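These notes concern the structure reproduced below.
A short reminder: the numbers here are calculations on the coordinates, not readings from a lab. Model, not experiment: these values are computed from the prediction. Note that we place each Cβ from the backbone using ideal geometry, even for glycine, and neighbour counts take in every protein chain shown.
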Amino acid sequence: MPTLSLYNKNGDQVDEIEVRDDFFAVPLKRGALHQTAVVQAARKRQGNASSKDRSEVRGGGSKPWPQKGTGRARHGSTRSPLWAGGGVTFGPQPRDFDPKVPKKVRRLALKSALSDKVREDKLILVEDYAIDAPKTRQMAELLAKLKVSGGALIVIDQPDDNVIKAARNLPRVKTVLARQLNVLDLLTYNFIVMNKAALQQVEEVFGG
């Protein structure tokens, strides 16, 4: 079984934790990762862009001038897309950006992303965050001792205001609950930092 180094708040290794090989030693599945990440990003779109076509624009009921005899081009309505103030041709309409991805594919993508972080030594396991006050300095010092750079996803097992508030002002740092871990965040942030309790929760919730 693969093992992860467990660090304390000072950045010193204190133990080795065995983790599931069917969860943290999965080959890289680019197709599943791409499909899941694209769908997750699409779901963030509101899909409420709207425009009116010529039948929905107010007015334009009468023919602007006779069909023949004026020497001008024939028109049937001032609400034609050719006219200023007319409708829009093939304009955007409200739509639902909620494509479906099979649950097995989502789980495979998550395991693949976590396994890739383990292979790159970018999944850092800590005993406890030991943030006793909502101070950005404390979180910055912890990440520095863990040698985390280039962005970090802080995974916690339960809501902790001190950790959340200490991390929210740091650039490229995000806090997420273990049960809300997702592929897009794993691909976005360079390092993943989670406490021991969060690791157990991830295995329980997503292990299958």
- Task: Kindly provide log₁₀ I(q)/I(0) values, in the same order as q = 0.13, 0.18, 0.24 Å⁻¹, from the Debye equation applied to equal alpha-carbon scatterers of the stretch 153-208.
- Result: -0.30, -0.56, -0.97
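The stretch 1-99: which chymotrypsin sites (Phe, Trp or Tyr not before Pro) are DSSP loop and have at most 12 other beta-carbon atoms within 10 angstrom?
Numbers: sites: Tyr7, Phe23, Phe24, Trp83, Phe90, Phe97; in loops: Trp83, Phe90, Phe97.
In loop regions of the stretch 1-99 (DSSP not H, G, I, E or B), the sparsely surrounded chymotrypsin sites (Phe, Trp or Tyr not before Pro) are Phe90, Phe97.
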- Query: What FRET efficiency, computed as 1/(1 + (r/R0)^6) with R0 = 25 Å and r the Cβ-Cβ distance, is obtained for Arg119 and Lys196, rounded to the nearest 0.05?
  - Reply: 0.75
- Item | For the stretch 68-82, Karplus couplings with θ = phi - 60° (6.51, -1.76, 1.60), whole Hz, Gly/Pro x | 10, x, 8, x, 9, 5, 6, 9, x, 7, 7, 9, 5, x, 6
- Angle in degrees between helix 30-42 and the longest Cα principal axis of the chain, rounded to the nearest 10: 60 degrees
- Give the calculated FRET efficiency between Leu82 and Asn48 to the nearest 0.05, with a Förster radius of 35 Å applied to their Cβ-Cβ distance. 0.80
- Arranged by the count of other C-beta atoms within 10 angstrom, fewest first, what order do Thr36, Thr136, Thr78 take? Thr136, Thr78, Thr36
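Tell me, what is the FRET efficiency for Ala133 and Arg20 to the nearest 0.05, using R0 = 25 angstrom and their Cβ-Cβ distance as r?
Values: r = 35 Å, r/R0 = 1.40.
Result of the calculation: an efficiency of 0.10.
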- Task: Return one number: the angle in degrees, 0 to 90 and rounded to the nearest 10, between the long axis of the Cα atoms of helix 136-145 and the longest principal axis of the Cα atoms of the chain.
- Result: 60 degrees
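Given C-alpha coordinates of the chain, what is the ratio Rg to Rh with the Kirkwood estimate of Rh? Intermediate results must be reported in sequence, preceding the final value.
Values: Rg = 26.9 Å, Rh = 20.7 Å.
So for the chain, dividing Rg by the Kirkwood Rh gives 1.30.
Please list the equivalent ellipsoid semi-axes of the stretch 63-142, computed as the square roots of five times the alpha-carbon gyration tensor eigenvalues, in descending order and whole angstrom. Mind showing how you got there, number by number?
Numbers: eigenvalues 845, 94, 24 Å².
Here the semi-axes work out to 65, 22, 11 Å.
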- Task: Please state the charge dipole magnitude for the stretch 66-208, taken about the Cα centre, from unit charges on C-beta atoms (+1 on K and R, -1 on D and E), reported in debye and rounded to the nearest 20.
- Result: 1140 debye
- Query: Residues with amide H under 5 Å of Val173's amide H, sequence separation 5 or more or different chain, H placed in the peptide plane at 1.01 Å from N; which?
  - Reply: Ala152
- Message: Report the per residue volume, in Å³, of the convex hull enclosing the C-alpha atoms of the stretch 1-119.
- Response: 189 Å³
- Task: Sum -39500 (n - 2.57) across every DSSP H segment of at least 4 residues in the chain, then divide by the residue count to get the 222 nm mean residue ellipticity, nearest 500.
- Result: -9500 deg cm²/dmol
- Gyration tensor verdict on the stretch 1-63 (Cα atoms; rounded if a/c is under 1.5, prolate if a/b is larger than b/c, oblate otherwise): prolate
- Query: Given the convex hull over the Cα atoms of the stretch 88-208, what projected area results after averaging over all orientations, in nm²?
  - Reply: 10.1 nm²
